[in-house]
Amino acid sequence: MANFLEYIEEDIQSKKLLFSSMPVKTKTNKRKLNAKIDEVYNAYSEYKKSIKKYIELKSKSFNVIDNRNTADLADKISKLENIRFILNPSNTYFEKMGFDTLFYQISNSQDFNFSSLNSVFNEFINKFEMVNIKLNKSDFIYTYYVNQFMSSFLEIRKSNNKNIDQLTEIFEKIYWENPEIISHIELNFRKLIRKNEKKFIDYINKLKKELIEKNNMDYKNCLNQLSILYQEMNTIGKENVSDIIELAKKGELDVNHFFEESKVRVSTYSSLMLDSLNIENEPAMHKFYESLEKLKNNVKEYANYVKFSPLINDFKLKYLKKSNSEINKNDANKRLKELESQIDKNENKLNKLNKKIFGTTNKFFITKEKTSTVDLKIESVKQATELYDLYQKYNEEYFKVMVLDVVNNNFALKDLLHLYYSFDYYKKEAIKNSYEINNYDELIEYSDSFDLFALDLTNVIVCPVNAFDEASVAQVIINKYRLLNINIINEDLYPENIDSFIERINLILRIQEIEKSQLTVEKLWFIVQVNKYLINELENKQK
Amino acid sequence: MNKEEKKVDFDLSLLTLNELVNLYDNVTNFLSYLSETKIEDTKEED
């Protein structure tokens, strides 16, 4: 008795033979041929329907339901990360309030549209309101132009008017008279923050106290708990069979390489074993897979160090060169204080000048003083611009003081990650300089991936920043895993080869994951085929 | 060929996964072939 496939193969051949032998000269011939084709077509359409229904059901029966629930764990991590952010002992109220992030946005205003820039100003004002400070136009007197713009800004903000056309018009008018208006608004905010520093410090201290009491934990406990949760997340989040099915369906992995007879599979296994192992030797193979899993994590961590090595090298050059390390922390602090008092002095001078300008413009008879008011305005803009340079120097010194506070001979890579994570403004500056990035979105992408890496408490590579170079870290990994019978060579860890090396490891780990589950490679291949049919059908329908 | 050999078992559960995929491919390809083989123009006279 023939099975359905044998019958179909035979039937198709005979039908094809029949159609090729049917006469097609006349209209009647053609009509007869078409009628026969329609008859066969209908029968085969029915076959197709039944087969499709059957294979879809069969494919579904092979599916592995993902029972993992990482939402609760992710929620716990997110809450603890928030506590970690506030309790972080390495930075100050300035970073915890997020002022550094906002200042970075202002100082890169060329990458924003006017509406986004207004949102940044709004966020600054919101932060003052968080500590019960209601800013009004008399707070924005850094220059005459700052006052002009911010008065309109506050009025529009108060009226809740979402239409910013009027504000745009005012801004444009001011901009042509004073193109540095944005920098001067930035200085005004910096000055206001310095003036109200105590209120912000008190606010953060109160928040810290509440968090410690409510959660019954200090910074160290918080890190310990986070470390456990991250490890748990890594275990639960590890790629499983359902992930493999989804990747295969998306075409992100080639199932054909998973079959035992696949040349890619055979060569991958042998290329990663120093001494070949007998696949039947379960304990030996278990150890091999376990080592590969660990190696994969180490290589991923190493890949991040490779990615951020320009940043690490830039830091080494700037802050860890011998000549720099001789800079005394007290000297740096002294310089910071000097700059601070210079800023105060210059701001007082500017303040006096502004009083004259505001006094003059408020007078009823201004004809005589008109020329001198213009001169005063020009002078005030000049002084504000000089102050901007002083603030730039202050910012540089500020970070230097923070760095000198923590660097020593044992300053390790993880300390560097933590330092930049704690100072968003300087991290972004360093990224921008190290990678010559001009696009703001690209910079944020780098910055976010850096933070993710810095926050990961499961990182294991320990190395002093001073001794860091990609090759030596790579060598440590190579030496460790060769001892565990893994054939890893220098070339595997060349930056351009890392992704393909991880894919080779993944191939073996995925095969092992499939083998220890209910799924088989053949079933996975079948799921992928059926999925392709469904996609093709959907595409044909859309056509 | 005797009567028994001519009989067909339409039970799809007897086929392997590979055979099922072959079957679906054969039927789908044959349907395309049928569509292409049909003669559109039947207006001309005998």
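Quick note: the coordinates plus some simple rules give every number you see, no bench work behind them. This one's a predicted model, so the numbers in the text were calculated from it and none came from an experiment. Every residue, glycine among them, receives a Cβ derived from its backbone with ideal geometry; neighbour counts consider all protein chains shown.
Assorted remarks:
- Cβ-Cβ FRET estimate between A:ASP314 and A:ASP66, R0 fixed at 30 Å, reported to 0.05: 0.10
- Between the beta carbons of A:THR520 and A:ASN108, assuming R0 = 41 Å, the FRET efficiency works out to 0.15 to the nearest 0.05.
- From phi via Karplus (6.51, -1.76, 1.60), per-residue ³J(HN,Hα) for the range A:173-186 in Hz, x at Gly/Pro: 4, 5, 4, 5, 7, 9, x, 9, 3, 5, 4, 6, 5, 4
- Average beta carbon contacts from partner chains per residue of A:445-455, 10 Å cutoff: 0
- Relative to the current alpha-carbon distance between A:ALA74 and A:ALA43, full extension at 0.36 nm per residue lengthens the span by 5.8 nm.
- Cα gyration tensor shape of the range A:95-135, rounded if a/c is under 1.5, else prolate or oblate by comparing a/b with b/c: oblate
- Loop-located chymotrypsin sites (Phe, Trp or Tyr not before Pro) in the range A:121-209 (DSSP state not H, G, I, E or B) with no more than 12 neighbouring Cβ atoms inside 10 Å do not occur.
- Each of A:MET402, A:PHE450, A:PHE501 was scored by the projection of its Cα onto the charge dipole of the range A:401-517, and the greatest displacement toward the positive side belongs to A:PHE501; charges sit on the C-beta of Lys, Arg, Asp and Glu.
- Kirkwood Rh and Cα Rg combined as Rg/Rh, the range A:401-512: 1.02
- For the protein assembly as shown, size of Cβ-based charge dipole, Lys and Arg +1, Asp and Glu -1, in debye: 2340 debye
- Inverse of mean 1/r across different Cα pairs in the range A:49-121, Kirkwood, Å: 17.5 Å
- Solvent-free Debye scattering, log10 I(q)/I(0), computed from the Cα coordinates of the range A:236-325 at q = 0.10, 0.12, 0.19 Å⁻¹: -0.48, -0.63, -1.10
- Dipole size of the range A:222-277 about its Cα centre, with +1 on Lys/Arg Cβ and -1 on Asp/Glu Cβ: approximately 80 debye, rounded to the nearest 20.
- Extension reserve of the A:LYS220-A:LYS321 stretch, reckoned as 0.36 nm per residue once the Cα distance is removed: 33.2 nm
- C-alpha center-to-center spacing [the range A:196-230, the range A:261-324] in angstrom: 36 Å
- A:LYS173-A:GLU81 pseudo-label distance in nm [points 7 Å out on the Cα-to-Cβ vector]: 4.6 nm
- Treating r as the C-beta distance of A:THR101 and A:ASP389 and R0 as 22 Å, the FRET efficiency rounds to 0.45.
- Of A:SER152, A:ILE182, A:ILE212, farthest towards positive along the dipole that unit charges on Lys, Arg, Asp, Glu beta carbons give the range A:129-214: A:ILE212
- Converting phi to 3J(HN,Hα) with the Karplus coefficients 6.51, -1.76 and 1.60 and the offset θ = phi - 60°, the range A:119-126 yields 5, 5, 4, 4, 5, 4, 5, 4 Hz in sequence order, with x at every glycine or proline.
- Evaluated with a Cβ-only charge set (Lys, Arg +1; Asp, Glu -1), the range A:153-248 carries a dipole of roughly 780 debye about its Cα centre, given to the nearest 20.
- Partner chain coverage, peptide A:53-66 - average Cβ within 10 angstrom: 2
- The share of alpha-carbon pairs in the protein assembly as shown lying farther apart than 36 Å comes to 59%.
- Structural descriptor for chain A: relative contact order 23 percent, calculated from alpha carbon pairs under 8 angstrom and at least 6 residues apart.
- Computed on the range A:139-270, with alpha-carbon pairs under 8 angstrom and 6+ residues apart, the relative contact order is 16 percent.
- Loop-resident GluC sites (Glu not before Pro) (DSSP state other than H, G, I, E or B) in the range A:246-293 with no more than 15 further Cβ atoms inside 10 Å of their Cβ: A:GLU252, A:GLU260, A:GLU261, A:GLU280.
- Neighbouring Cβ atoms from other chains, within 10 Å of the Cβ of residues in A:2-12, number 6 on average.
- The Cα center of the range A:511-533 and the Cα center of the range A:412-470 differ in position by 39 Å.
- Cα→Cβ-extended label distance, 7 Å offset, between A:HIS418 and B:ASP9, nm: 6.9 nm
- Between A:GLN475 and A:LEU452, residue separation times 0.36 nm minus the direct Cα-Cα distance comes to 5.8 nm.
- Top positive-direction residue, dipole computed over the protein assembly as shown with Cβ charges, set A:ILE343, B:LEU14, B:PHE30: A:ILE343
- Computed from backbone phi with θ = phi - 60° and the Karplus coefficients 6.51, -1.76 and 1.60, the 3J(HN,Hα) list for the range A:492-502 is 4, 9, 5, x, 6, 9, 4, 4, 6, 5, 4 Hz; x is used for glycine and proline.
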